[in-house]
Every structure is written in C-alpha cells, then in structure tokens.
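The values are calculated or read from the model by the stated rules, or taken from the named source; none is laboratory data. Since we're looking at a predicted model, the values are computed, not measured. Backbone-built Cβ (ideal geometry, glycine too); neighbour counts: all protein chains shown. The area values use the complete protein model at the heavy-atom level, side chains included, leaving out ligands, DNA and RNA. Shrake-Rupley method; radii C 1.70, N 1.55, O 1.52, S 1.80 Å.
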Amino acid sequence: MANPSLLILAGDGIGPEVMAEVKKIIAWMGDKRGVTFDVSEDLVGGCAYDVHGTPLADATMAKAQEVDAVLLGAVGGPQYDELPFAVKPERGLLRLRKEMDLFANLRPAQCFDALADFSSLKKDVVAGLDIMIVRELTSGVYFGEPRGIFTEGNERVGINTQRYTESEIARVARSAFELARKRGNKVCSMEKANVMESGVLWRQVVTEIHDKEYPDVALSHMYADNGAMQLVRNPKQFDVIVTDNLFGDLLSDAAAMLTGSLGMLPSASLGAPMANGRPKALYEPVHGSAPDIAGQAKANPIACILSFAMALRYSFDMGDEAARVEAAVEKVLADGVRTGDLMGPEGGTPVTTSEMGAAIIAAMDASL
Ligand code: IPM
Ligand code: MG
C-alpha cells in the first residue's frame with residue numbers, strides 16, 4: 001500500500017518555526033517506528049500572497065483535496081493588515097476549510113498536571129481538566145450571505161449573516177455525540193436561542209438528533225454567554241461542548257487559557273470520509289502566527305506537535321503512536337522544560353523552540 005500522504009503548509013510568523021519541530025517528529029516516526037509519510041510542502045497565507053498574489057493558489061487547493069491530511073502552521077502578520085479582504089492571509093485558511101468542507105473542528109483543552117499552577121485560574125479549578133470543544137467550521141456568520149460593506153442613504157453599513165441549515169447543524173451534532181461516546185458521554189450545546197432564530201433551530205435540531213440517534217448520551221443546552229461564564233467558573237462540569245462557528249472561535253480561545261497557554265492547544269478539522277475511508281482533514285494549532293515573537297526561537301511548538309498527534313489518531317488510526325507523542329510532551333513538561341510562554345514563577349529550564357522539539361524527541365526515544 002502507498003504511504004499515507006501529508007501536505008505541510010507552514011504559513012507565516014512562527015508557523016515555519018513550530019512546523020520545523022513537527023517535521024522532526026515525522027522523520028522520527030519513519031526511522032524508529034517504520035511509519036513513513038509522503039510529505040509535500042506548499043505556501044499558505046501571507047507568504048503565498050507574496051509569491052502568487054493570493055493567500056492560497058489553486059494548485060495548492062487541489063493538492064490539499066488529494067492528500068490524506070493537511071498540517072497547517074499559522075497565517076497572518078501586520079504587514080498584511082491593509083490588504084483587501086479577499087486576499088488577506090486568513091482567507092487562505094478559510095478557503096481550505098470551506099472547500100474541503102471541514103465542518104467539525106475539534107479543539108481539546110486539557111490541563112497537564114505540570115501546568116496546573118500556571119493557569120490564571122486556581123489550581124483546583126483546572127487540574128485534570130479534559131474537555132473537547134466541537135466547533136462548526138464551514139458555515140454560520142463566517143460564510144453567510146449577504147455580506148459586505150454597503151451604502152444606505154448617506155452612510156455605510158457593514159453586513160454579515162448568521163445562517164445555518166438543518167443538515168449543517170445535524171452533521172456537527174453527530175460528530176459531537178460520536179466523540180462523547182468515546183469520552184465522558186456528555187454533550188453541552190451552546191447557542192443564543194434567546195435572541196437568534198438560528199439558535200432556536202440549532203437547539204431543536206441538536207435535540208432531535210439526540211433523541212433519535214444518541215439517547216444514551218447526556219445532553220444539556222446553555223446560552224453561549226452563560227457558557228463562557230461557566231467555562232471560567234467551573235470548567236470541569238463539561239465533557240464535549242458543541243457550538244457554532246463564531247461562538248466556537250471565542251469559547252475555544254477562553255478554554256485554551258484554562259490550560260495555561262495558547263501555545264499548548266492543538267486542533268483537528270474533519271470533513272466527510274474520502275474514498276479510502278479517511279476523513280478529509282486539516283490539523284493546526286489553535287494559536288496564531290504570533291508576529292511579535294516570530295524569528296526569535298521563542299515559540300512553543302507543542303500545539304503544533306500535538307496537532308500532528310491528532311492526525312495520527314483521527315486520520316491514520318495510530319492511537320498508540322499519538323499517545324506516545326502526547327506522553328512525551330507530558331514527560332517534558334513534568335521535567336520542567338519550558339518555552340517562554342510556559343515560564344511561571346516556579347521557574348524551570350528555559351528552552352528555545354528547537355530545544356523543546358529535541359526534548360520531546362528524547363522522551364520519545366526513551367519510550368521505545
Ligand atoms: C481560529 C482563528 C481563525 C478563525 C482565523 C485565523 C481566521 O482565529 O482558527 O480560531 O477565526 O477561525
Ligand atoms: Mg480563533
């Protein structure tokens with residue numbers, strides 16, 4: 001059988017730096033575990049705009065549709081802030097999500113023991129935290145029409161449209177229920193049914209899918225603003241949270257900080273199964289391109305490395321190898337190895353991006 005294929009799109013800012021560490025893990029998997037990937041690389045975001053005048057060339061889009069999984073670093077930077085909307089770096093990422101139809105965005109927020117002291121919340125609130133946010137990723141206000149800046153009378157009006165079809169809600173609800181069955185068997189759905197019709201429909205459809213297909217899973221509903229408050233008040237009450245594109249964007253950043261650093265959080269964006277049975281998939285850290293620290297060897301590569309671990313688990317059915325990577329990360333953190341974002345008052349061994357990668361590889365070696 002052909003090797004599984006990966007397309008690496010490292011992108012902008014710290015993207016290439018953190019992805020360099022992932023490439024070392026991929027090479028390690030080949031050398032030490034006989035798990036070899038066919039890896040190709042291309043441009044996305046501002047660096048693609050610089051070369052092609054677009055944040056995602058058609059040829060890159062076509063490649064992304066063919067591979068077994070895409071690994072993405074980060075996109076964006078201040079030098080692109082003034083570009084017209086249609087060619088902003090972020091459009092490259094949004095086009096990938098939309099055209100690959102990656103409707104289910106999995107954002108786990110797990111608090112590693114070694115970092116429990118480091119959260120801005122009290123240790124007992126976050127220690128042992130393990131929640132999964134399932135964010136709808138291809139619809140809602142991010143993509144709804146009409147959109148744009150128009151003129152009405154003598155002033156401008158900016159318009160975006162929150163829009164969800166029943167089938168869009170149903171499929172992401174199924175993803176959440178399926179995941180819950182493999183975890184704590186609990187789903188909390190978040191919307192604003194008190195003010196938005198799209199929220200009313202969201203609640204109805206999630207309830208229908210639950211009652212018909214997943215009655216064994218415990219389902220609750222929350223208004224998203226209350227959900228944000230509850231996430232900070234008592235995050236361990238949650239197992240799986242399912243929510244729309246915009247609320248999911250906000251709630252997942254909040255959840256990320258519960259774990260201590262945005263530099264820790266991976267994500268998987270999954271679509272429908274391809275002919276080979278694997279889901280269409282893109283894996284990326286939740287953090288952005290962090291232009292303020294780019295090029296200084298300060299970035300934390302863990303979120304990107306854990307995103308690759310998610311690829312091993314969700315695209316390649318290699319849960320054991322994923323667990324090996326995750327255990328190596330946990331070991332390194334327990335040993336006090338710290339990039340700047342993880343350096344708390346209790347101290348630790350300060351390391352660069354590539355030293356963090358090397359420490360994780362050493363822990364993987366030790367696991368053999
Ligand atoms: C994310 C990011 C993106 C989003 C941006 C970069 C387009 O914030 O993945 O959470 O808003 O979805
Ligand atoms: Mg975001």
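Using Cα-Cα distances under 8 Å and only pairs 6 or more residues apart, what relative contact order does the chain have, in percent?
On the way: 766 pairs, mean separation 74.5, N = 368.
Over the chain, the number comes to 20 percent.
For HIS221, the residues whose modelled amide H falls within less than 5 Å of its own, excluding neighbours fewer than 5 places apart on the same chain, are SER189. Considering only GluC sites (Glu not before Pro) in DSSP loops that have at most 16 other Cβ atoms within 10 Å, the longest stretch of the chain without any of them is 83-345. When only alpha carbons are used to place a centre, segment 164-240 and segment 39-113 end up 28 Å from one another. Hydrodynamic analysis of the chain uses the Kirkwood radius over alpha carbon pairs. Inserted into Stokes-Einstein at 37 °C and 0.692 mPa s, it gives a translational diffusion coefficient of 155 µm²/s.
Take every Cα pair under 8 Å in segment 130-258 that's 6+ residues apart, average their separations, divide by the length, and report that relative contact order as a whole percent.
Values: 208 pairs, mean separation 46.1, N = 129.
Reported as a whole number, the value is 36 percent.
Which shape class, rounded, prolate or oblate, goes with segment 202-289 when its Cα gyration tensor gives a ≥ b ≥ c as root eigenvalues, a/c under 1.5 marks rounded, and past that a/b bigger than b/c marks prolate? Because a/c hits 1.5 or more and a/b fails to exceed b/c, segment 202-289 counts as oblate. Of LYS63/LYS212; LYS23/LYS236; LYS186/LYS298; LYS32/LYS123; LYS298/LYS331, which sit over 31 Å apart, Cα to Cα? Table pairs above 31 Å Cα-Cα are LYS63/LYS212; LYS23/LYS236; LYS186/LYS298; LYS32/LYS123.
The portion of the accessible surface of segment 118-229 made up by carbon and sulfur, rounded to a whole percent, is 51 (1.4 Å probe; DNA, RNA and ligands excluded). Taking a sphere under 10 Å around the Cβ of VAL125 and counting the other residues whose Cβ falls inside, with K and R at +1 and D and E at -1, yields a net charge of +3.
Probing with 1.4 Å while keeping every protein chain in the model, the per residue accessible area of the chain equals 42 Å². Distant-in-sequence amide contacts of ALA109, defined by a placed amide H-H separation under 5 Å and a gap of 5 or more residues or a different chain, comprise ILE131, MET132, ILE133. The GNM of the chain, with springs linking C-alpha atoms under 10 angstrom apart, assigns the highest mean-square fluctuation among ASP216, ASP101, ASP130 to ASP216. Near the amide H of ILE8, within less than 5 Å, lie the amide hydrogens of SER40, GLU41, ASP42, LEU71, all on another chain or at least 5 residues away, with H placed in the peptide plane.
The relative contact order of segment 1-148 comes to 23 percent, based on Cα pairs under 8 Å that sit 6 or more residues apart. By the helix-only formula, in which each DSSP H run with n ≥ 4 contributes -39500 (n - 2.57) and the sum is divided by residues, the chain has a 222 nm mean residue ellipticity of -13000 deg cm²/dmol.
Using the Kyte-Doolittle scale, which helices in the chain average at least 0.0 and also have C-alpha atoms spread 15 Å or more along the helix axis, with helices defined as whole DSSP H runs?
Values: long enough: 15-33 (26 Å, -0.27); 89-99 (16 Å, -1.36); 166-181 (23 Å, -0.19); 197-213 (24 Å, -0.65); 245-258 (20 Å, 0.97); 302-314 (18 Å, 1.74); 319-334 (22 Å, 0.16); 353-366 (20 Å, 0.92).
Span-like helices, by this rule, are 245-258, 302-314, 319-334, 353-366.
In the neighborhood of LEU56, defined by Cβ-to-Cβ distances under 12 Å, what is the net charge if each Lys or Arg adds +1 and each Asp or Glu adds -1? Before the final figure, lay out the partial values.
Details: positive: LYS63, LYS88, ARG91, ARG95, ARG97, LYS98; negative: ASP42, ASP58, GLU90, GLU99.
Within the 12 Å Cβ shell, the charges total +2.
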